[in-house]
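Working notes, beginning with the structure itself.
The values are calculated or read from the model by the stated rules, or taken from the named source; none is laboratory data. Everything numeric here is computed off the predicted structure, so don't read it as measured data. Please note: Cβ atoms are built from the backbone with ideal geometry, for glycine as well, and neighbour counts cover all protein chains shown. In case anyone asks, the SASA skips ligands and DNA or RNA and just uses the protein heavy atoms, side chains included. Shrake-Rupley method; radii C 1.70, N 1.55, O 1.52, S 1.80 Å.
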Amino acid sequence: MADTDLMDKLVSLAKRRGYVFQSSEIYGGAASVWDYGPLGVELKRNVKEAWWKSMVHERDDIEGLDAAILMHPRVWEASGHVANFTDPLVECLNCHRRFREDTLLSEQGAADAAGLQCPSCGTRGRWTEPRQFNLMFKTFKGPTEDSAEIVYLRPETAQGIYVNFLNVQQSARQKIPFGIAQIGKAFRNEITPGNFTFRTLEFEQMEMQFFVKPGTDGEWFEQWRERRMAWHREVIGLAPERLRYHPHEKLAHYASAAGDVEFFFGGSIGDEGWGEIEGIHNRTDFDLGNHQEWSGKRMEYIDPAAGERYLPYIIETSAGADRVTLAVLANAYREEEVEGETRVVLSIKPSLAPLKTGVFPLVKKDGMPERAGQIHEALRARGIPSFYDESGAIGRRYRRQDEAGTPFGITVDGETMENGTVTVRERDTMTQARIGQDQIEAYLRERIG
Ligand code: ATP
């Protein structure tokens, strides 16, 4: 399958099975904004919970936070976003479509705008002068649309962590090194959004800021880089050959070292199909230093034991929940020939799959629907997401769950009614095992993780 086909197939599968819908579809759709359907919301929640478990619940040295989206406008002046969070925007003089000049230059290998061809109409070298376009969405607070009342929708969750650094450190009685983690929405008025949920105007970030003593930052950067790569591989189950770490050559205004965890999506995403799913940055004391200066409030950490006070350095790990979710879908999508038909399977890791099992009566008679219904209810009551389906041939019911990414299928048949055993079908191998009805929960728990 060509890579470009994969994204199209995912868009259509996502809609068909209820993973992702275009926002405001009945009005023609809102460009680059997507809604998560019944299965999508579960998958994304499972991704976020896996992150929270690894970053917060399994560690003593990281605390959670849920800061507000709207912040004091000076935060964004202090952080440098008002002045620097910009992309160079150029407009084609022929078709008036707008693009990011830096992206076009690197995609087309051109030295300047004179050599650039418009991706939309094909005209070469006819562009407006580049204009620095700020990516922050602005809105107004209060009843007047007055410039004094401008507030921003946060373009990253990180700043909510920085301004709360001492609140968290003191209330949780943490000592450096320690981290603060947060999951939440961020907004960017991207010039050229697209590629399904890869680049959207509104997205969720899973960010962790780790505060360290200056001088130890290089070591911590390396540790976090390795841990985060391992998380994507081991916890999320992304194929190792589709993951790479890409160090930045050009650093953002706040960073002394930075790199991206990239996943191979294929198609037109990123650098020849490799797209960033997480950024890892050494932000030095840039953010705390600026907040200290702009707010006039001390942001230093005091270490009474060592008799020291200093502004900590920050190692940031910043992952996109939507991009990781899209990577899970792209990683899981398979098509194979089975008995002359194409089988579409989403081989999502069972721990992340929205539904863990389907429950099916083989036929709609002889007490089988009632027995299957009881099994389904019991699983649900025990916190195992299950789906009951009695409509259509059993093969079709299996296929529907294969496409939805459900790792197991339990079938109640004639033997169940005689001796209390059921078959459990495994999505990826299509093999079946026969187990006692009373073993179902243990069987699934062992494999769901
Ligand atoms: P890109 O270079 O792709 O624009 P970035 O370097 O600006 O990304 P960061 O500021 O490092 O991204 O943000 C951290 C993470 O947030 C990214 O790795 C990505 O997963 C996610 N993210 C950033 N922008 C978007 C977006 N427009 N849509 C979806 N996710 C995004």
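So here's what we get for this one:
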item	result
Hz values of 3J(HN,Hα) by residue in segment 116-124 - Karplus curve (6.51, -1.76, 1.60), Gly and Pro given as x	8, 9, 6, x, 8, 10, x, 5, 10
Reachable lysines from Lys138, criterion Cα separation under 17 angstrom, eight or more residues apart if same chain	Lys185
Accessible solvent surface per residue of segment 50-178, calculated while the other protein chains remain in place, 1.4 angstrom probe, Å²	55 Å²
Centroid-to-centroid separation of segment 1-61 and segment 249-278 [C-alpha atoms, Å]	20 Å
Contour minus Cα-Cα distance for Ser295 and Arg380 (0.36 nm per residue)	25.5 nm
Cut-off under 5 Å, modelled amide H: who pairs with Phe85 long-range	none
At most 13 other Cβ within 10 Å, DSSP loop - trypsin sites (Lys or Arg not before Pro), segment 347-415	Lys364, Lys365, Arg382
Over segment 84-152: Rg over Rh, Cα atoms, Kirkwood Rh	1.17
Over segment 1-127, volume per residue of the alpha carbon convex hull, in Å³	239 Å³
Most mobile listed residue (Asp303, Asp389, Asp428) in the chain, GNM with C-alpha springs under 10 Å	Asp303
Residues whose placed amide H lies under 5 Å from that of Asp303, excluding near-sequence neighbours	Glu308, Arg309, Tyr310
Accessible-area order (highest first, 1.4 angstrom probe) of the listed residues Cys95, Cys118	Cys95, Cys118
With eigenvalues of the C-alpha gyration tensor scaled by 5 and rooted, segment 243-300, Å	33, 10, 9
For segment 310-447, Kirkwood radius (reciprocal of mean inverse C-alpha pair distance, Å)	16.4 Å
Segment 365-423 - convex hull of the alpha-carbon atoms, volume per residue in Å³	83 Å³
Carbon plus sulfur fraction of accessible area for the chain, probe 1.4 Å, in percent	48 percent
Under 17 Å from the Asp366 label point (7 Å along Cα→beta-carbon), backbone N, segment 415-432	415-424
Spacing of the two label points (7 Å from each Cα toward its C-beta) at Arg16 and Ala306, in nm	5.8 nm
Partner aspartates and glutamates for Lys48 [C-alpha distance under 13 Å; skip if fewer than 8 residues away on the same chain]	Glu204, Glu207, Asp322
Phi-based couplings in Hz for segment 87-97 (Karplus 6.51, -1.76, 1.60; Gly and Pro marked x)	10, x, 9, 10, 10, 6, 6, 8, 9, 6, 7
His96 paired with Arg396, simple spin-label distance in nm, labels 7 Å along Cα-to-beta-carbon	5.0 nm
Accessible area of His246 in the full protein assembly, 1.4 Å probe (Å², nearest 10)	60 Å²
Cα gyration tensor of segment 225-349 - equivalent ellipsoid semi-axes, whole Å, descending	41, 15, 11
For q = 0.09, 0.10, 0.11 Å⁻¹, Debye-computed log10 I/I(0) when each Cα of the chain counts as one equal scatterer	-0.70, -0.84, -0.97
Reach of Lys365 by Cα under 27 Å, taken over lysines that are not fewer than 8 positions away in the same chain	Lys356
Karplus (6.51, -1.76, 1.60) ³J(HN,Hα), θ = phi - 60°, over segment 396-405, in Hz, Gly and Pro reported as x	5, 5, 4, 4, 4, 6, 4, 5, 7, x
